[in-house]
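Just below is one structure, and these are the notes that go with it.
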Amino acid sequence: MKNKYKYMKKILHYLNLLLNVSNHEWARIIFAWTLKLIIHIAFVMGSTIILAIFVDNEGIDKLPLMYIISAILVIMGSGIFAFLLEKYSKKSQILSMTFFSALLFAFSATLSDSSWLFYGSFFIALSFFIAQINIILALFIEEMFSPLESERTFPIIESSEPIGGIIAGIILTILVKYNHFHAINLLYVIAGILLIVFPIFFLFQRFGNKVPKLESKEEHENKDHSQLDAIKKGVRHIKGVPFLKSMFLIVFLQFSLVNLIEYQYTYVLDSELAAQQASSSHVESSHGRADALTHGLAFWHVMFSIVTFFSQILSGSRLQRHFGVIKTLQLHPIVNFISGIFTLISFGYGPAAFLRYGAAITSRGVFEVTGVIHRTSYHASFYALKRSIREQVKEFMEGVARPFGIIFGTSILMIILFVVPIQHQNTAISLSILIGMITMTMALSKMKKQYTLLAKKNLQASRNPIDKIEAVEILAQNGHQNVSGILGKNLFDKQHDVVVKSILQTLKRTNDHESLSDILKLLRSKKAHIQYEAIQTLSSFSQLNEFLKSHSFTKHRILELLKEVFLTTKSKKIKSEVVQVLKNIHHSETIPFLLSILENEDESLVADGVYVCGLFDDISISHYIEKHLSSEHPRLKSAAIQALWRFPNYRLKVLVQLTKMIESKEIEMRISGIHTIGLIGAIQETKRLERMLKTADEKEQMYIYFVLARFGFDEYLPRIIELLFHKEEHILEYSKKYIQKLPHDVYKKMHNLLVHEVSHKIHSLLLQAKTSILENMKTLHLKELQGLYELIAETKEILKIEEELKTR
């Protein structure tokens with residue numbers, strides 16, 4: 001039993017690493033995921049059943065009326081519940097609305113499926129209550145997690161929707177096809193599924209408490225505004241920002257096309273069903289057609305949900321990284337335009353019913369699958385807006401553009417059905433869809449430049465460093481033009497340090513040599529850390545030497561500035577980085593310059609020179625550095641070992657000197673030896689290091705843990721986490737510094753564990769502070785939070801705290 005428990009614990013550990021979550025988050029993730037799953041199952045089942053019953057009773061030509069009623073009820077619900085949201089808790093609203101919707105579904109099942117009372121109670125349950133539960137549930141779940149946790153947990157929670165769609169479709173298929181349930185009787189099943197929400201709340205109620213987030217008073221006050229206020233402000237913002245005008249058009253068009261595609265899809269399924277029944281001698285029951293249509297809709301919903309789920313996991317974020325936000329948004333209308341042409345052509349062939357069937361199914365599936373990718377990029381595009389207006393614009397898009405788009409699209413559908421001859425109606429619908437997709441594509445083409453200009457404006461005009469950092473992150477995405485030029489103009493000494501650092505990190509990724517002149521200006525910065533970042537950026541440029549061959553003046557200027565920095569800086573770290581750049585550009589003066597460093601009286605500087613010489617794959621360097629193997633200076637001896645380790649002829653001599661370092665009576669020499677084992681990858685020394693752990697003092701143990709972690713011994717990672725919360729300053733500072741030097745795969749594991757631990761501590765600290773508003777927090781709590789966010793380099797949160805601490 002004990003071994004089984006250990007085995008399960010190990011599985012959970014690897015599952016946590018795979019999904020990037022921690023033990024203390026699982027209860028809340030399961031709670032949130034299950035709630036979303038149940039509500040989505042009920043929504044999909046309800047939508048499918050009402051669609052089938054309505055088409056069976058009223059006919060396919062009356063379907064637009066159902067769309068209009070549904071949209072109006074959603075708008076009414078948004079207005080009413082926006083008012084109630086200010087007066088009652090989200091938990092109370094979710095439970096009460098779930099109860100009433102379950103009651104209405106059960107009540108509807110007792111009525112005749114053609115009565116106005118049946119339709120009224122069903123539509124209120126689905127479009128009035130369930131639609132609003134989805135909105136309030138999203139806000140409720142958001143409050144269960146801190147911002148740091150939400151980045152990792154929300155993708156898992158969002159997977160509940162496609163899985164819910166699959167489960168709903170399977171339930172409908174099994175009950176209708178194999179157990180011969182009538183569609184109307186399935187409403188009891190929906191009511192029962194909804195009631196599961198109550199025991200879930202009872203089991204997990206302690207995890208439903210609000211977790212306070214880090215925010216300013218201004219942000220807190222903005223959250224307290226009603227939805228109507230947010231929409232009014234959203235209108236003002238949209239009027240003044242061209243990018244948002246285009247975004248409004250995109251959202252409006254996207255939702256105006258939903259019901260056109262849905263109608264065409266339902267029409268084809270219904271026609272196929274009618275044809276099957278006409279050719280069959282079997283007499284259907286009074287509910288037969290509705291049941292068969294329910295089964296057909298459910299089956300295809302399962303198929304669409306499966307494809308959506310895998311596309312969400314496998315391609316969504318990859319497409320966005322490769323193409324950028326706007327180009328990924330463009331994929332949706334372009335792919336749907338191609339699908340729409342196929343549908344248009346298929347309706348031109350009268351006898352070929354199978355072509356129409358295949359085209360309509362494909363069109364509906366393509367729209368749903370690409371819609372998921374479109375929605376992800378749509379939400380990502382909001383980061384181009386200032387944080388202060390982001391939520392207001394979102395509410396305007398969801399509260400105005402979306403429902404009015406649905407009403408507009410349904411109105412177009414009704415006009416087509418009333419005006420166009422029946423034999424040409426689907427052709428007219430296909431043409432309308434194609435026109436909508438072309439308009440979306442054109443609007444998105446225009447948005448590319450607007451997106452770049454908006455980020456540029458925020459970078460240059462905003463006074464808030466967080467807005468500037470987010471603007472840099474936007475410009476770092478693929479799809480922008482002249483990024484290096486825009487970023488380079490914002491590289492100046494008076495710019496906020498974190499903004500300069502963010503720009504330099506982006507320039508490392510863009511690797512554009514045209515930004516060299518802007519980077520070189522920072523080499524004369526009075527801030528040592530900015531100088532270091534600038535030199536590191538130069539060092540990271542690939543093909544720098546090739547570029548400088550045809551840019552002699554730039555090369556001369558780089559050499560002058562690097563030598564000037566080398567002679568004036570007191571930072572040994574900067575001196576070492578300067579030598580690294582000189583080595584990269586293969587300048588004829590580099591070797592004499594390095595040899596002059598080796599003759600310097602400062603042994604620490606000589607150690608830097610020896611280390612850099614070791615980067616050259618030339619055994620002749622041994623002539624200049626072998627003598628330093630016997631040095632009594634720990635850093636110099638270590639540098640000589642590292643430089644000569646790459647040459648097999650020197651391995652034995654190096655190992656002898658390494659053993660002397662580890663067995664030295666001087667602690668600094670022993671520590672340097674331990675550190676060197678990790679740097680040269682002498683994994684054969686693992687057993688020796690593990691033996692040393694038993695007798696080593698705390699400082700030596702720290703170095704051993706890092707070396708063993710570097711060698712892939714994951715069991716020592718939790719020990720390193722403990723070091724990062726150590727009370728002794730020197731251990732804490734070294735641990736922070738060395739964690740950055742771990743190999744990428746080890747660092748990633750380490751960082752994931754650290755984020756989990758920090759998330760947990762922040763979560764506890766905010767609850768202890770009993771407030772989420774920065775201005776109301778004690779200075780002690782703010783400083784603790786600052787230290788925690790610094791451990792995981794959460795720059796935006798650090799800046800918020802710094803701004804508040806400056807006022808005290």
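The values are calculated or read from the model by the stated rules, or taken from the named source; none is laboratory data. On a predicted model such as this, the values are computed, not experimentally measured, just so you know. Counting neighbours? That spans all protein chains shown, and the Cβs are built from the backbone with ideal geometry, glycine included.
Computed values, structure above
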| quantity | calculated |
| --- | --- |
| Residue match in segment 761-783 (condition: modelled with pLDDT under 80 and of a type in the set (Ser, Thr, Tyr)) | yes |
| Elements of type helices (runs of 4 or more DSSP H) in segment 225-329, at least 2 residues being within 24 Å of the chain's Cα centre (by Cα), buried (at least 16 other Cβ atoms within 10 Å of the Cβ) and modelled with pLDDT of 70 or more | 242-279, 288-314, 316-323 |
| Selected residue (only one of Leu137, Leu104, Leu95, Leu126 is free of Cβ contacts under 8 Å to residues at least 60 places away in the same chain and not small (Gly, Ala, Ser)) | Leu104 |
| Flag for Ser540 being hydroxyl-bearing (Ser, Thr, Tyr), without any contact (Cβ under 8 Å) to a residue 24 or more places away in the chain and within 26 Å of Lys508 (Cα to Cα) | no |
| Residue count for segment 176-202, restricted to those that are surrounded by 18 or more Cβ atoms within 10 Å (Cβ to Cβ) and assigned to a helix (DSSP H, G or I) | 11 |
| Helices (runs of 4 or more DSSP H) completely within segment 576-649 that count 2 or more residues being in contact with a His (Cβ under 6 Å, 6 or more places away or on another chain), closer than 20 Å to Met661 by Cβ and not charged (D, E, K, R) | 634-645 |
| Single condition Phe396 does not satisfy, out of (1) in contact with a Lys or Arg (Cβ under 9 Å, 6 or more places away or on another chain); (2) farther than 26 Å from Glu158 by Cβ | (2) |
| Residue count for segment 137-155, restricted to those that are surrounded by fewer than 21 Cβ atoms within 10 Å (Cβ to Cβ) and modelled with pLDDT of 80 or more | 1 |
| Any chance Ser638 is in contact (Cβ under 8 Å) with a residue 24 or more places away in the chain and within 21 Å of Arg688 (Cα to Cα) | yes |
| Any hit, segment 685-696, residues being of a type in the set (Ser, Thr, Tyr) and out of contact with any helix residue (DSSP H, G or I) (no Cβ under 9 Å at 6 or more places or on another chain) | yes |
| Filter pass, His529 being outside any helix (DSSP H, G or I), at negative phi and of a type outside the set (A, V, I, L, M) | no |
| Whichever residue in segment 641-680 is of a type in the set (S, T, N, Q) and touching a residue at least 24 places away in the same chain (Cβ under 8 Å) and, among such residues, is surrounded by the most Cβ atoms within 10 Å (Cβ to Cβ) | Thr676 |
| Top-ranked residue of segment 783-808 - restricted to ones that are part of a loop (DSSP other than H, G, I, E, B) and more than 21 Å from the chain's Cα centre (by Cα), ranked as nearest to Asn464 (Cα to Cα) | Thr807 |
| Enumeration of residues in segment 506-526 that are in a helix (DSSP H, G or I) and either free of Cβ contacts under 8 Å to residues at least 24 places away in the same chain or more than 27 Å from Glu797 (Cβ to Cβ) (or both) | His513, Glu514, Ser515, Leu516, Ser517, Asp518, Ile519, Leu520, Lys521, Leu523, Arg524 |
| Selected residue [more than 22 Å from Ile597 (Cα to Cα), touching a helix residue (DSSP H, G or I) at 6+ places or on another chain (Cβ under 8 Å) and charged (D, E, K, R)] from Glu533, Glu577 | Glu533 |
| Looking only at segment 681-700, and only at residues there that are buried (at least 18 other Cβ atoms within 10 Å of the Cβ) and small (Gly, Ala, Ser), the one that is modelled with the lowest pLDDT | Ala696 |
| Options Leu594, Leu582, Leu562: the member that is more than 42 Å from the chain's Cα centre (by Cα) and buried (at least 19 other Cβ atoms within 10 Å of the Cβ) | Leu594 |
| Total residues in segment 707-747, condition touching a residue at least 40 places away in the same chain (Cβ under 8 Å) and not basic (Lys, Arg) | 2 |
| Leu717 modelled with pLDDT of 85 or more, within 19 Å of Gly678 (Cα to Cα) and within 26 Å of the chain's Cα centre (by Cα) | yes |
| Every residue from segment 88-115 that is over 41 Å from the mean Cα position of the chain (by Cα) and of a type in the set (Lys, Arg) | none |
| Where a residue in segment 466-482 is under 23 Å from Glu804 (Cβ atoms) and its partner, wherever it lies, is outside any helix (DSSP H, G or I), with Cβ under 6 Å and at least six apart | Asp467/Lys386; Lys468/Ser462 |
| Residue in segment 159-175 that is surrounded by fewer than 20 Cβ atoms within 10 Å (Cβ to Cβ), under 30 Å from Ser311 (Cα atoms) and at pLDDT below 85 present | yes |
| Identity of the residue in segment 418-436, within 14 Å of Ile60 (Cβ to Cβ) and β-branched (Val, Ile, Thr), that ends up surrounded by the fewest Cβ atoms within 10 Å (Cβ to Cβ) | Ile422 |
| Count - residues of segment 107-117 that are in contact (Cβ under 8 Å) with a residue 60 or more places away in the chain and in a helix (DSSP H, G or I) | 2 |
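Residue-by-condition table, conditions (1) at pLDDT below 90; (2) in contact with a Lys or Arg (Cβ under 7 Å, 6 or more places away or on another chain); (3) surrounded by fewer than 20 Cβ atoms within 10 Å (Cβ to Cβ); (4) not aromatic (Phe, Trp, Tyr):
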site: Ser96; (1), (2), (3), (4): no, no, yes, yes
site: Phe99; (1), (2), (3), (4): no, no, yes, no
site: Leu104; (1), (2), (3), (4): no, no, no, yes
site: Phe107; (1), (2), (3), (4): no, no, yes, no
site: Asp113; (1), (2), (3), (4): yes, no, no, yes
site: Trp116; (1), (2), (3), (4): yes, no, yes, no
site: Ser127; (1), (2), (3), (4): yes, no, no, yes
